[in-house]
Structure formats: C-alpha cells, structure tokens
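The values are calculated or read from the model by the stated rules, or taken from the named source; none is laboratory data. Remember, predicted model here, so these are calculated numbers, not experimental data. With ideal geometry, Cβ positions are generated from the backbone for all residues, glycine too; neighbour counts draw on all protein chains shown. Each accessible area value is taken on the protein alone, full model and side chains, heavy atoms only, with ligands, DNA and RNA left out. Shrake-Rupley method; radii C 1.70, N 1.55, O 1.52, S 1.80 Å.
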Amino acid sequence: MFDDPSSLLAVFLRFGHIMFGIIWLGHLFFFNLVNVPFQGDLDKELKPKVNPKLLLRAFYWFRWGAMYTFLFGWAIFFFKYIQQGLFFDDAGHMSNRAAWILFGGLIGTIMWFNVWFVIWPRQKKILGGLAAGTPHPDAAKMAAVAGKASRFNTYASGPMLFGMIVPNNYAGWSHAGMGVALIIGVGFWYGLIKRSFKVKTTG
Ligand code: HEM
C-alpha cells in the first residue's frame with residue numbers, strides 16, 4: 001500500500017469526499033424528509049424555541065459538508081482526470097468516464113452553489129431573527145426561495161449520485177444512460193418525498 005503513494009492519495013481523497021458527501025446529503029435528506037413535515041406539525045409558538053437551536057446546528061454540518069465534498073470532489077477530478085489523463089480516450093476525445101463525472105460533478109456544483117448562495121444566506125437571516133426575537137420581515141418570502149432550492153437539490157441528488165458511481169463501474173452507456181439516470185434519480189426522490197408526509201408519528 002505505502003509503496004504506491006498516488007493510489008494512496010486517491011483513496012484518502014475519496015474517503016474525505018464520500019464522508020463529507022454523506023454528512024452533506026444526510027442533512028439535506030433530514031431537512032426534506034423529516035424537517036419539512038415536522039415544521040407543519042410544530043406549534044407556532046414553539047418555533048422560536050426549537051428551530052434556531054436545532055436548525056442552526058444542522059445548517060453548520062450541512063453547509064460545511066457541502067463545501068468539503070465540493071473541494072475534495074474537484075481535487076479528485078484534477079488528480080485523476082487532468083493529471084492522470086482520464087479525461088481523454090485513446091482517440092483524443094472526451095472519454096465516457098469524463099462525460100459521466102462532468103454530468104455528476106456539475107449537478108453537484110449547482111447543488112453546492114444553492115447551499116452557499118441561496119439556502120444558507122436566507123436561513124441565516126430567518127433563524128437569526130427568530131433566535132434574537134425579531135423575526136425578519138421577509139422571512140416567509142425567503143423561506144419559500146430557500147425551500148425551492150432545497151427541494152431542487154433533493155431531486156438533483158439522485159442523478160448526481162449516478163454521475164458519481166458510474167465512471168468507476170461502467171465503461172459505456174453515456175447519453176441514453178444520463179437520461180435514464182435523470183428519470184430514475186428524480187423519480188426515486190419523488191416517491192420518498194410523498195412518503196415523508198405519511199410517516200406515522202403516533203407510535
Ligand atoms: C459537489 C460536487 C462534486 C464533485 C465535483 C465530485 C467529483 C467526484 C469525482 C471527480 C469522483 C471520481 C470519479 C471517478 O472515479 O472517475 C467522484 C466520485 C464519487 N463521488 Fe463525487 N463529486 C461531487 C459531489 C458528490 C456528492 C455530494 C456525493 C455524495 C455522497 C459524492 C459521492 C461520490 C462517490 C460515492 C464517488 C465514487 C467513488 C468511487 O467510485 O471510488 N460526490 N466525485
């Protein structure tokens with residue numbers, strides 16, 4: 001193992017990438033599958049007590065999980081595709097593998113952008129106002145925008161993950177496969193989100 005430092009580096013970069021990816025998406029799924037229906041059930045007067053303390057913690061792990069996943073992801077891309085040459089096939093064209101990882105990596109990058117520039121700036125103001133006892137006047141409007149971006153990210157996570165796992169496991173299946181990945185990935189989340197509103201909370 002230690003006589004092959006470049007493979008070892010690849011292993012550690014993947015470890016970091018996947019660990020932080022799980023932290024990020026774990027919180028994204030908590031927000032969408034647990035917190036959205038929970039907020040519908042939570043009494044209004046309890047929100048200032050419960051939400052800042054719970055959600056500011058969750059948003060900390062969520063946004064930094066996203067940041068490190070993103071940084072590790074592009075580091076792996078640079079290392080494997082640019083430095084080790086996986087970007088091009090033998091004929092000098094973009095390889096199938098590169099097309100797949102660009103499909104996944106670009107969806108992941110849009111999701112990262114949503115976390116840092118759409119969702120978090122708004123939630124920071126909403127939850128900060130709630131914690132300080134001075135709710136932000138535009139809280140409802142900001143919550144709607146942040147909620148849409150969060151839903152988008154949940155649907156996008158399905159096709160994105162296909163784009164992460166196909167490159168290392170399947171050599172072909174490029175354009176039609178991406179269409180299938182979009183349909184299956186989005187459909188999977190459509191089903192789970194519908195289910196999230198029907199989960200029994202009475203024991
Ligand atoms: C934010 C943008 C992201 C970028 C730029 C990115 C980039 C990459 C790259 C370059 C690879 C290596 C692909 C290969 O072996 O050919 C990879 C693999 C992978 N990524 Fe991402 N990724 C991102 C987001 C995510 C997220 C959110 C997750 C969620 C857990 C994730 C999970 C994985 C997994 C499971 C692999 C497979 C590792 C393997 O096959 O050994 N990625 N990613």
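Here are a few things to note about the model shown:
- Residues located in region 39-69, provided they are among the hydrophobic types (A, V, I, L, M, F, W, C) and open to solvent by less than 80 Å² (accessible area, probe 1.4 Å): LEU42, LEU46, VAL50, LEU54, LEU55, LEU56, ALA58, PHE59, PHE62, ALA66, MET67
- Qualifying position, being of a type in the set (Gly, Ala, Ser) and within 14 Å of the ligand (Cβ to nearest atom), among SER174, SER196: SER174
- Hits in region 70-119 - residues which are open to solvent by less than 70 Å² (accessible area, probe 1.4 Å), more than 9 Å from the ligand (Cβ to nearest atom) and either of a type in the set (Phe, Trp, Tyr) or touching a helix residue (DSSP H, G or I) at 6+ places or on another chain (Cβ under 7 Å) (or both): PHE87, PHE103, ASN114, VAL115, TRP116, VAL118, ILE119
So that you can scan it fast, the table gives a plain yes or no per residue for (1) touching a residue at least 24 places away in the same chain (Cβ under 8 Å); (2) under 25 Å from ILE76 (Cα atoms); (3) part of a loop (DSSP other than H, G, I, E, B):
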{"position": "PHE2", "(1), (2), (3)": "no, yes, yes"}
{"position": "SER7", "(1), (2), (3)": "no, yes, no"}
{"position": "ARG14", "(1), (2), (3)": "yes, yes, no"}
{"position": "ILE18", "(1), (2), (3)": "no, yes, no"}
{"position": "ILE23", "(1), (2), (3)": "yes, yes, no"}
{"position": "LEU28", "(1), (2), (3)": "yes, yes, no"}
{"position": "LEU33", "(1), (2), (3)": "yes, no, no"}
{"position": "LYS47", "(1), (2), (3)": "yes, no, no"}
{"position": "ASN51", "(1), (2), (3)": "yes, no, no"}
